[in-house]
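Below is one structure, written out as structure tokens; the observations come after it.
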Amino acid sequence: MSNGDVFEKSHDELDFEFLGNIRGREWRVQTNVYGNGSTAVGREERYQLWFDPTEDYHQYSILFYIDSIPIREVVRTQAMGGDFPSKPMSLYATIWDGSTWATSGGRYKVNYKLAPYVAKFADLILHGCAVDPSDHKTACQGSDAVLYDAITMSADHQTTMAKFRKKHMTYSYCHDRIRYPTPPPECMFVSPESQNFLASGEAKFNYRHRRGRRYGRSSVDAVL
């Protein structure tokens, strides 16, 4: 979701990004958040998927869920200021070449002989304030605004999310001390997650995996 066509210098963006796949390996998805044109601060998190997203449709939603499993919560803090997305956005599906970094740091390039590439989505549901892009509104207004501001994640969903992240999250910008010696403001907290990550922000289990240990593909039942 983005509004870059309306707010060219101060756009907001919420991303689900499916990274290039190497045959026989797990698929990875990356989420990212930009607010008010803050593209210099990437808020990426990456996760291994327990399925092949090209074989069938799955449910992806923001708040960040995959097949009703919560994977990420971005809590608005005062210190974030305008970096928290707040303006009307539209939904886009795009395909672009990220093989300079997305597949093992650019080791594997896109194979254009396999084109055409097609992205599809179906059964789209939008919960929010409908707006006319020409109005250039900067906030959700009316009675619905109070409802959406009050949405919180239940304790059960918090537990489910923690299990998912421990099992499947391979990178988090909040734990990347090389890239961000001073963490972004929303990351200034002591999290039990931090013990699972290297200073590079990479999950320790993923580092061991790449160093040669073999881990079985997890099913969703095994995760939860």
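Against the condition in a loop (DSSP other than H, G, I, E, B) and either hydrophobic (A, V, I, L, M, F, W, C) or under 25 Å from Gln158 (Cα atoms) (or both), how does Val41 come out, does it pass? I'd like the intermediate steps shown before the answer.
Values: in a loop (DSSP other than H, G, I, E, B): yes; either hydrophobic (A, V, I, L, M, F, W, C) or under 25 Å from Gln158 (Cα atoms) (or both): yes.
In short, yes.
Within the stretch 104-146, count every residue that is loosely packed, with under 10 Cβ neighbours inside 10 Å, modelled with pLDDT under 75 and either in contact with a Ser or Thr (Cβ under 8 Å, 6 or more places away or on another chain) or assigned to a helix (DSSP H, G or I) (or both).
Count: 4.
Mind listing whichever residues of the stretch 84-103 are surrounded by 12 or more Cβ atoms within 10 Å (Cβ to Cβ) and in contact (Cβ under 8 Å) with a residue 60 or more places away in the chain?
Listed by number, the residues that qualify are Pro85, Ser86, Lys87, Pro88, Met89, Ser90, Tyr92, Gly98, Ser99, Ala102, Thr103.
Only one of these conditions is not met by His209: (1) surrounded by 15 or more Cβ atoms within 10 Å (Cβ to Cβ); (2) at pLDDT 70 or above. Which number is it?
Every listed condition holds for His209 apart from (2).
Quick check on the stretch 186-199. Is at least one of its residues at positive phi, among the small types (Gly, Ala, Ser) and at pLDDT below 90?
If we filter the stretch 186-199 for residues that are at positive phi, which is where we start, we get none.
The answer is no, given that none of the residues of the stretch 186-199 is at positive phi, among the small types (Gly, Ala, Ser) and at pLDDT below 90.
Checking Gln59 against (1) buried (at least 20 other Cβ atoms within 10 Å of the Cβ); (2) free of Cβ contacts under 8 Å to residues at least 60 places away in the same chain, which single condition isn't satisfied?
All conditions are met except number (1).
What is the residue count in the stretch 66-89 for residues that are in contact with a helix residue (DSSP H, G or I) (Cβ under 9 Å, 6 or more places away or on another chain) and not in a loop (DSSP other than H, G, I, E, B)? Show your work before the answer.
Initially, the stretch 66-89 is screened for residues in contact with a helix residue (DSSP H, G or I) (Cβ under 9 Å, 6 or more places away or on another chain), giving 66-67, 69-81, 83-84, 88.
Checking the rest, the ones that are also not in a loop (DSSP other than H, G, I, E, B) come to 66, 69-72, 78-81, 83.
Matching residues across the stretch 66-89 total 10.
Assess whether Val41 counts as being buried (at least 18 other Cβ atoms within 10 Å of the Cβ) and β-branched (Val, Ile, Thr).
Details: buried (at least 18 other Cβ atoms within 10 Å of the Cβ): no; β-branched (Val, Ile, Thr): yes.
So Val41 does not fit the description; no.
Looking at the stretch 91-130, which of its residues are touching a helix residue (DSSP H, G or I) at 6+ places or on another chain (Cβ under 7 Å) and of a type in the set (S, T, N, Q)?
Ser99, Thr100
Suppose the filter is aromatic (Phe, Trp, Tyr), modelled with pLDDT of 90 or more, closer than 26 Å to Gln158 by Cα and assigned to a strand (DSSP E or B); does Tyr57 pass it?
Numbers: aromatic (Phe, Trp, Tyr): yes; modelled with pLDDT of 90 or more: yes; closer than 26 Å to Gln158 by Cα: yes; assigned to a strand (DSSP E or B): no.
No: the conditions fail for Tyr57.
Given the conditions (1) buried (at least 19 other Cβ atoms within 10 Å of the Cβ); (2) closer than 21 Å to Leu124 by Cα; (3) more than 11 Å from the chain's Cα centre (by Cα), which single one is not true for Val29?
Every condition holds for Val29 apart from (3).
The values are calculated or read from the model by the stated rules, or taken from the named source; none is laboratory data. Values in this document were obtained by computation on a predicted structure and should not be read as measured data. Neighbour counts run over all protein chains shown; Cβ positions are idealised from the backbone, glycine included.
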